[in-house]
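The next block holds one structure in the form of structure tokens; read it before the comments.
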Amino acid sequence: MRFLLDDEQREFARSLDKMLGGAEPTAAIRAWAAGDTGPGRALWARLAEAGVFALAVPEEHEGLGLLPVELAVSFGELGRHAVPGPLVETVAAAALLARLGGPVAAARLPGIASGRTAASLCLLSPGSPYALDGDAADAVFVVDGDTLRLAESTGPVQPSSDPARRLSRPVGGTVLRQGPEVVAAAAHAAEVAALAVAAQALGVGRALLAQTVEYVGGRKQFGVAIGSFQAVKHRLADTLIALEFAEPLVHAAALALAPGDPGSRSGFGSGRAVAAAKVAACEAAYAAARSALQLHGALGYTEELDLSLWIRKARALRTAWGTPAECRARVLAR
């Protein structure tokens, strides 16, 4: 099985990196955390133009079809730049609606593909009672058992470990679909969401490592850069190894979700592959955050330092769409 990206996929990643690097995403993150979604939605529109959301929408609904590998590539760059908003939830909602089909899919999916619709998705059983960025989303979909509904509104924003991830409870709603097909579609959407989170965490971890390497190369003690100390080198090497080991797992999970599911032929189905990727990538990103915090010293604890935006996101992604314990149990389940 080939886990390396091809030239076109690598070029796609480079183009997103260049676009996001010139868009001042840190300003958008801080504005989003303060409740000002304008800069974030402007960035959202640019991502839609690049085709990011169309990667989860079938061609018959103005998308590019579900392309999990390209989706993982794009979310790696979104994590690298800590882009705010319900990015994961929007592609998960697209996967849910695409699997269900029918009038609801026809009405909603073109808007998701074009970037006109930012969606949030809340799976109540099992899952969290909160919708991410429900106050900023154009549509909040809620799955409760075998029922899919569109929430009428959301409650007050709840505190979060990452201020740029605004949580609120969906309220009321119109039933859109009911039946066992909703349960199956929700399970598929959860796998797509977990893959996107894993890729996003991988990008967050790489950004944290890059910022830390730059800092220890310039910070001096006893007349030399602290990056020359053996203990610091070992800490950064451990962080890099964890990220490098997680990357092929993310690619393998993406391949397992692709049409044909090559993972199922080896006996390691998409659910277990995605769970393995998520726990590896999120734990690697969390370790990168801890290393960054320690090696930046007292500076790492300040909210004014942009590094805190990535540290907080790594902590939140660790438990989003599956805790480490849940993912490990799924990998080990027969």
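Quick notes
- Qualifying lysines (Cα of each under 30 Å from Cα of Lys18; at least 8 residues distant if same chain): Lys233, Lys278, Lys313
- Sorting the segments 173-179, 139-145, 72-78 by their mean number of nearby beta carbons within 10 angstrom, highest to lowest, gives 72-78, 139-145, 173-179.
- Take each peptide in 286-294, 81-89, count the other Cβ atoms within 10 Å of every residue, and average; sorted highest first, the result is 81-89, 286-294.
- Linear extension gain, Arg219 paired with Val175, 0.36 nm per residue minus alpha-carbon span: 10.1 nm
- Ranked by how many other beta carbons lie within 10 Å on average, peptides 214-221, 50-57 from highest: 50-57, 214-221
- Computed from the C-beta positions of Phe229 and Gln158 and an R0 of 56 Å, the FRET efficiency is 0.85 to the nearest 0.05.
- Here the gap between Arg14 and Ala210, fully extended at 0.36 nm per residue and compared with their Cα-Cα distance, gives a gain of 68.9 nm.
- Here the extension length gained between Ala333 and Ser125 equals 72.9 nm, from 0.36 nm per residue of separation less the Cα-Cα distance.
- Qualifying trypsin sites (Lys or Arg not before Pro) for region 31-135 [loop in DSSP, other Cβ within 10 Å: at most 13]: Arg116
Each value in this text was obtained by applying a stated rule to the coordinates, not by laboratory testing. Just so it is clear, the model here is predicted, and its values are computed rather than measured. Quick reminder, even Gly has a Cβ in these numbers, built from the backbone with ideal geometry, and neighbours come from all protein chains shown.
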